[in-house]
Structure formats: C-alpha cells, structure tokens
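Beneath this line is the structure, given in structure tokens, with notes to follow.
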Amino acid sequence: MSIRGLALAFSLFAAACSAHAQSVPLVMETMGLKIGQTAAEVEQVVRALGYKQARATAYPAKFGLPQRMAEVTFERQRQELRSEDFIIVAYGAMTGKLTAISRSETYAEPLIVGEVVKALDQKYGPHNGRPGTGQFGWVDRAAGAQGSLPGYCHAMRGTVNYMAILDNATAAGCKRAIRVDMNTQSDNPNVPFKQILVSMVDFETMAAEGRQLGKLLAQEREAELNKQKQQPLPKL
C-alpha cells in the first residue's frame with residue numbers, strides 16, 4: 001500500500017475510533033426508567049419501586065397539544081434507613097416523553113466505589129468524564145464539538161432543569177450524558193459509600209422540543225401583538 005493509502009486508512013481508522021469513543025453512554029436507563037418513556041410508563045416503574053408522586057408541573061393544553069407533564073418529583077420514605085429516596089423526571093415540551101432523570105437512593109449496606117464503577121462501565125461503556133471527586137460521567141458530544149468549561153455537556157447533579165445550559169450556544173454540541181455521584185470526599189476506589197445519585201439527560205431532544213415550543217409561543221405573542229395593534233385608538 002502506498003504512503004498516501006496508509007495515511008487515508010489511518011485517518012479513516014481514527015475517525016471510526018473517534019466516533020466509537022463518542023458512543024457512550026450505551027444505554028440511557030436506570031432502575032427501569034428509560035429516556036424516551038411516556039409519563040404513564042414512568043409512573044408504572046416508579047410505583048413498582050415504592051415511590052409516590054410528591055410534586056408536579058405540566059405544560060398546558062395549547063397549540064393543538066394535550067396537557068402533558070413537564071417535571072415530576074417522586075419520593076420514597078425509608079423508615080428503616082431513616083432516609084428519603086427521590087426520583088425527579090423531566091419530559092419533552094412537545095412529545096411529553098422522558099428527557100431527563102435524577103434519582104437518589106440510600107443502601108442498607110455499604111458498597112465499594114471501585115466495584116460499582118466497574119459495573120457501571122459494563123452497563124454504560126467506559127466512563128469518559130470526571131465532573132469531580134468521587135463523580136463519574138458518560139458523555140456523548142456531537143462530532144467535533146469542544147467545550148472550555150469543566151462541566152460542558154455533563155449531566156447535572158440532582159436536577160432535571162437544564163434551561164441555563166440549553167440557552168448557552170456551546171450546548172449545541174451536547175447530545176446525551178449520564179453522571180453518577182457516589183463519594184464526593186475521596187477518589188480512593190476502595191472507599192465504601194451508602195448513597196448514590198444518578199443523573200442523565202437527552203440534551204438533543206430536550207433542546208429540539210424546547211425550540212419548537214418556543215417558536216409556537218413566539219408566533220402566539222406576535223399574533224396577539226398584531227391584534228392589539230389593530231384595536232381602534234381612543235381619542236387622544
């Protein structure tokens with residue numbers, strides 16, 4: 001093979017490796033909750049896990065769309081552990097399908113960070129981000145997307161409200177992300193922990209549906225403004 005052919009083959013191999021490297025997370029699921037589920041499917045999963053709805057907000061029926069859930073918090077009291085587990089979910093503005101999850105759970109017996117990370121790497125693929133001490137990330141960016149901020153394209157800790165990130169122009173390169181917090185005090189893989197916090201988000205869908213709804217709202221405001229402009233003026 002010529003030098004030019006070798007160079008071409010190497011560049012194609014590198015591109016393939018780059019694409020593969022950006023394929024994590026392999027799945028967007030935790031405890032039976034999957035990105036893309038309907039509100040009814042989510043409700044079925046969380047109730048089977050012993051959670052009850054605590055708070056909820058909804059998108060109003062408008063623009064030919066039915067009322068649909070926006071953000072819901074579920075809680076589970078654990079009297080034997082003196083703890084309260086929670087699951088917070090967010091839904092797409094147009095389809096009403098699951099776009100973000102954040103859940104916190106306390107275990108009865110301690111687990112070892114390193115062993116849990118091994119299991120998570122088998123499930124989601126090798127982690128490729130470290131948001132902070134004792135925190136692990138699986139981040140999928142658009143090809144060629146770069147970010148200067150440490151938290152660029154990472155899922156956020158304990159929240160499903162990503163509006164500030166989505167309003168930032170650099171978020172255009174964010175696709176999907178998962179973040180797991182186990183022990184924020186040490187990076188020692190042999191440290192035991194009892195509370196886990198799992199957060200994941202489908203940036204692409206959330207942003208796309210937010211833009212669609214925003215466009216409809218802008219059109220509504222413009223139509224209302226034009227209607228007001230056509231009102232006869234009072235005597236001045």
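The values are calculated or read from the model by the stated rules, or taken from the named source; none is laboratory data. Quick caveat: nothing in here was measured; it's all calculated off a predicted structure. Ideal geometry is used to build each Cβ from the backbone, glycine not excepted, and the neighbour counts take in all protein chains shown. Note: accessible area is taken over every heavy atom of the protein model, side chains too, but ligands, DNA and RNA are not part of it. Shrake-Rupley method; radii C 1.70, N 1.55, O 1.52, S 1.80 Å.
Tell me, yes or no, whether the stretch 163-178 has at least one residue that is part of a loop (DSSP other than H, G, I, E, B) and either closer than 20 Å to Lys97 by Cβ or open to solvent by less than 90 Å² (accessible area, probe 1.4 Å) (or both).
Scanning the stretch 163-178 turns up at least one residue that is part of a loop (DSSP other than H, G, I, E, B) and either closer than 20 Å to Lys97 by Cβ or open to solvent by less than 90 Å² (accessible area, probe 1.4 Å) (or both).
Go through (1) touching a strand residue (DSSP E or B) at 6+ places or on another chain (Cβ under 6 Å); (2) modelled with pLDDT under 90; (3) aromatic (Phe, Trp, Tyr) for Tyr152 and report which single condition fails.
Of the numbered conditions (1) touching a strand residue (DSSP E or B) at 6+ places or on another chain (Cβ under 6 Å); (2) modelled with pLDDT under 90; (3) aromatic (Phe, Trp, Tyr), the odd one out for Tyr152 is (1).
Check whether at least one residue in the stretch 209-221 is under 16 Å from the mean Cα position of the chain (by Cα) and in contact (Cβ under 8 Å) with a residue 40 or more places away in the chain, and report yes or no.
Checking the stretch 209-221: at least one residue is under 16 Å from the mean Cα position of the chain (by Cα) and in contact (Cβ under 8 Å) with a residue 40 or more places away in the chain.
Restricting attention to the stretch 77-111, which residues are among the β-branched types (Val, Ile, Thr) and open to solvent by 60 Å² or more (accessible area, probe 1.4 Å)? Step through it out loud before you land on a result.
Just the residues of the stretch 77-111 that are among the β-branched types (Val, Ile, Thr), to begin with: 87-89, 95, 99, 101, 106.
Once the filter is applied, which keeps residues that are among the β-branched types (Val, Ile, Thr) and open to solvent by 60 Å² or more (accessible area, probe 1.4 Å), the stretch 77-111 yields only Thr95.
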